[in-house]
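The values are calculated or read from the model by the stated rules, or taken from the named source; none is laboratory data. Fair warning: this is a prediction, and the values are worked out from it, not measured in the lab. Positions of Cβ are generated from backbone atoms using ideal geometry, with glycine treated the same way; all protein chains shown enter the neighbour counts.
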Amino acid sequence: MSDRPVTPILDRVQAPADMKALSDRELAQLAHEVRAETISAVSETGGHLGAGLGVVELTVALHAIFDTPRDRLIWDVGHQCYPHKILTGRRDRIRTLRSKTGLSGFTKRTESPFDPFGAGHSSTSISAALGFAVARDLGGAPEHGIGDAIAVIGDGSMSAGMAFEAMNNAGHLGKRLFVILNDNEMSIAPPTGALSSYLSRLYAGEPFQEMKAAAKGAVSLLPEPFQEGARRAKEMLKGMTVGGTLFEELGFSYVGPIDGHDMEQLLSVLRTVHDRATGPMLIHVLTKKGKGYGPAETADDKGHATAKFDVLSGKQHKAPSNAPSYTSVFGKALVDLATEDDKICAVTAAMPDGTGLGQMLDRYPSRTFDVGIAEQHGVTFAAALAAGGMKPFCAMYSTFLQRGYDQVVHDVAVQRLPVRFAIDRAGLVGADGATHAGSFDIAFLANLPDIVVMAAADEAELMHMVATAASIDDRPSAFRYPRGEGVGVDLPDRGEVLEIGKGRMIRDGSRVAILSFGTRLSEVERAAEKLAAKGITPTVADARFAKPLDRDMILALAADHEALITIEEGAVGGFGSHVAQLLSDEGVFDAGLKFRSMTLPDTFIDHASPADMYATAGLSAADIEAKVLEVLGVTAIETRRA
């Protein structure tokens, strides 16, 4: 406890209501203490650091001015919510962040009444705030009451179309709500696009700061003697790209930009808009990601996500790696192919490093496109690249590809365009929890006609699947792989092109066959070793493809064994369902085959380590072993005798 920060004012704050009695000077000191507590806590747990440090003053000011939880404070994405959790009765649990049974790393409705709307993906906050504002005016939730609705959204999240759809609707409805644009010029990767350039131009010229604020502020909120001067300033600057023109055209009154680390300025502006606003307001706040902690401020990603670290040095405590990560293997394999084929290009949505495309961006910047947080656009953009004769790899996390699913169907699959989807973070991802779990891509992709869907069992297989996808020019394809390091197999110099729809046999056995799709294969092999020690020798096969299925291999396994078990790191409706459909169509069940499909359960699994999550899901080696014994009707006593 001795190395934890001294926090005399924070110690007096058990809930935001306790902040109402604090002076402005004490609120500024409270922000310093919250920043120190955040750094201390994340040094012990790991997690998203930089985003929270950038909004410490803003968090304190919002809770001091507004009446949360009656006023609904909605944090977009939620990366920045740790200071919010510290101030809303969860300080005593803040060192359980992202651990099993601990606090979520994001906002979560079931965790606290101060989290009115959960999030893990970006750009949802304005839609949610508008929903709360309309529910308030329609008399919703009378037992609790709804006051104001406040959305805090980053400039990176503003690049997503959903944010503008919400602002357009909010401007039309004219409801009182507040959008805080947290402009730190950085989401996870440096922001890209015209909107980022527009926001940068708003404060590019320091001498004009005060004039811009006066010219483009909500004139009606100023004291009467200043209103005419503000109108004249606004007219004088008419035609210049300054202030909130874009937002005002959408129906919002605009105030800013203001210094998000100046508590006096924040409190003054928020008190004014709180007291006087009647319709939608946009408050443009300039912040610095990683503010107040040197190692975060100087890091390329501003301390976006860290492992446990030493507070004094900032050095992270990362476990030594025994194998390259799947992400880095994909990135290198793609660069190698792009070196040989100048038609290969890559698309990602604000995650070049997270998806392994940083290597491609460095080597071939003209063929690598970061479209910002805009997955829908990214998928259609890739579709047109394919239609134009290029060979696009669209690299997205499984959970983010969900946001572009209509485009996968409408713009890619229907037109049979050869977009190659590289699906990172497939399966359960650990500390980020349910919002980031790649649970559904097998099911939502494999049900599309004429698509090739692959899953790598190890990092060498991933290299083969990158090469295979590059060779497919007549239809869309996808390959999935998990977060983290590989199995540790030897890697080839180049990936080999696989025969489409053909799996591989791993070991021959009898009575029961286990057909694996994806990286559960290593757990299957562990289970097989334990079963062999008990006198049971299962056949093990790696399907490689969920679409098209290896019909010959599956039907042969069904004919030669009493039971067939499929296993996958995906939800019900995926690989196992397709195998069951094949067996049903072929009448195999009529011959008495015992069939079981091991999938992720029909529930959302909370954050924990990946191993704990897979144990909860019933997909560990022990679970596979138990399933084999169950389907064969073998008891523990019988196995001991064997």
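Okay, here's what the table says:
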quantity: Filter result (at pLDDT below 85 and touching an Asp or Glu at 6+ places or on another chain (Cβ under 9 Å)) within region 271-304; calculated: D300, D301, G303
quantity: Sole residue being closer than 21 Å to V179 by Cβ, surrounded by 22 or more Cβ atoms within 10 Å (Cβ to Cβ), in the same structural domain as E111 (by TED's automatic domain parsing) and not β-branched (V, I, T), chosen from G47, G78; calculated: G78
quantity: Qualifying residue in region 588-604 (condition: closer than 17 Å to A431 by Cβ and not in a helix (DSSP H, G or I)); calculated: yes
quantity: Some residue of region 453-467 being at positive phi and either touching a residue at least 24 places away in the same chain (Cβ under 8 Å) or not assigned by TED's automatic domain parsing to the domain that holds L521 (or both); calculated: no
quantity: Qualifying residue in region 344-361 (condition: over 17 Å from the mean Cα position of the chain (by Cα), modelled with pLDDT of 95 or more and of a type outside the set (A, V, I, L, M, F, W, C)); calculated: no
quantity: Residue list for region 582-610, restricted to those being in contact with a Gly (Cβ under 9 Å, 6 or more places away or on another chain), aliphatic (A, V, I, L, M) and surrounded by fewer than 18 Cβ atoms within 10 Å (Cβ to Cβ); calculated: I605
quantity: Filter result (touching a Gly at 6+ places or on another chain (Cβ under 9 Å) and hydroxyl-bearing (S, T, Y)) within region 98-117; calculated: S104, T107, T110, S112
quantity: Identity of the residue in region 563-572, over 18 Å from T519 (Cβ atoms) and modelled with pLDDT of 95 or more, that ends up surrounded by the most Cβ atoms within 10 Å (Cβ to Cβ); calculated: L564
quantity: Condition check for L87: at pLDDT below 95, in contact with a Ser or Thr (Cβ under 7 Å, 6 or more places away or on another chain) and assigned by TED's automatic domain parsing to the domain that holds L267; calculated: no
quantity: Matching option when the condition is surrounded by fewer than 24 Cβ atoms within 10 Å (Cβ to Cβ), modelled with pLDDT of 95 or more, assigned by TED's automatic domain parsing to the domain that holds V152 and more than 14 Å from L266 (Cα to Cα), among L27, L22, L73; calculated: L22
quantity: Filter result for the condition that a residue is touching a Phe, Trp or Tyr at 6+ places or on another chain (Cβ under 9 Å) and farther than 12 Å from I180 by Cα, over H261, H274, H284; calculated: H274
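Residue-by-condition table, conditions (1) free of Cβ contacts under 8 Å to residues at least 12 places away in the same chain; (2) touching a helix residue (DSSP H, G or I) at 6+ places or on another chain (Cβ under 7 Å); (3) within 20 Å of A426 (Cα to Cα):
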residue: D262; (1), (2), (3): no, no, no
residue: V269; (1), (2), (3): no, no, no
residue: I344; (1), (2), (3): no, yes, no
residue: G354; (1), (2), (3): no, no, yes
